[in-house]
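To start, the structure under review is shown below, and the notes come after it.
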Amino acid sequence: MEIDRSRLKSNHPTIAIRLNNLAVNLRNQNRLSEALLLHQEALDTDLICRGSQHPKVALRHTNLAITLMMRGEFCPSCIHLAAAWQVPNTRSDLLGLRILVVRFVLALLLKQPHETFLGQFKALLRQHHLNAEGIDRSWSTQTVLDSFAKQLRKHPLWSLTEVLFSSAVAGFETGTLASHEEWNACSVVSLDCAW
């Protein structure tokens, strides 16, 4: 990281990528305070070098939101997920699925209505050409799931949550989604529907 910093400008996209990757590794080790600082720095760097409408900025908002959630900071997490959802093209790729599944979990944690997020997840999965280009397929879902298992394992939608995470990694509707009554009963919701 230090070699990159000495070689590149501080607001170079490569710096943001390295900061983000390091932050994710720290988050996976449950070193959330350190991860939070690096996620914020990665977001700030990408905002400077790429602008607020770039897909990487949506990814940075999402990663920051997950770390905030894991720290129990749910309101700031909502703000970052909403910002990620507003970035153009996130509603047509795997990142959009990930934003929605994280927002779904946040709704469960906050005891908020979750149907909009589930319905938008369904709508996004049903798009014929879900763009997976440039989206990391090795999204580390287990750390995120494990961090909320204690709070949500007894929730009636916990098993659906696990399947949603798997679908967000794969980018397609897994057969096990159809076995969930809540999934089958949920209506498709327009991706433009406000949160």
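The values are calculated or read from the model by the stated rules, or taken from the named source; none is laboratory data. Since the model is a prediction, treat every value here as computed from it, not as a measurement. Cβ atoms come from the backbone with ideal geometry, glycine included; neighbour counts cover every protein chain shown.
The combined condition, being more than 28 Å from residue 51 (Cβ to Cβ), of a type in the set (Gly, Ala, Ser) and within 14 Å of the chain's Cα centre (by Cα), is not fulfilled by residue 65. The residues in region 155-184 that are in a helix (DSSP H, G or I) and either free of Cβ contacts under 8 Å to residues at least 24 places away in the same chain or of a type outside the set (Val, Ile, Thr) (or both) can be counted, and the count is 20.
Residues are listed down the side, and each one gets a yes or a no for (1) polar (S, T, N, Q); (2) under 19 Å from residue 190 (Cβ atoms); (3) modelled with pLDDT of 90 or more:
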{"position": "75", "(1), (2), (3)": "no, no, yes"}
{"position": "79", "(1), (2), (3)": "no, no, yes"}
{"position": "117", "(1), (2), (3)": "no, yes, yes"}
{"position": "127", "(1), (2), (3)": "yes, yes, no"}
{"position": "132", "(1), (2), (3)": "no, no, no"}
{"position": "136", "(1), (2), (3)": "no, no, no"}
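Residues that are under 13 Å from residue 62 (Cα atoms) and charged (D, E, K, R) were ranked within region 81-105; the one that is modelled with the highest pLDDT is 103.
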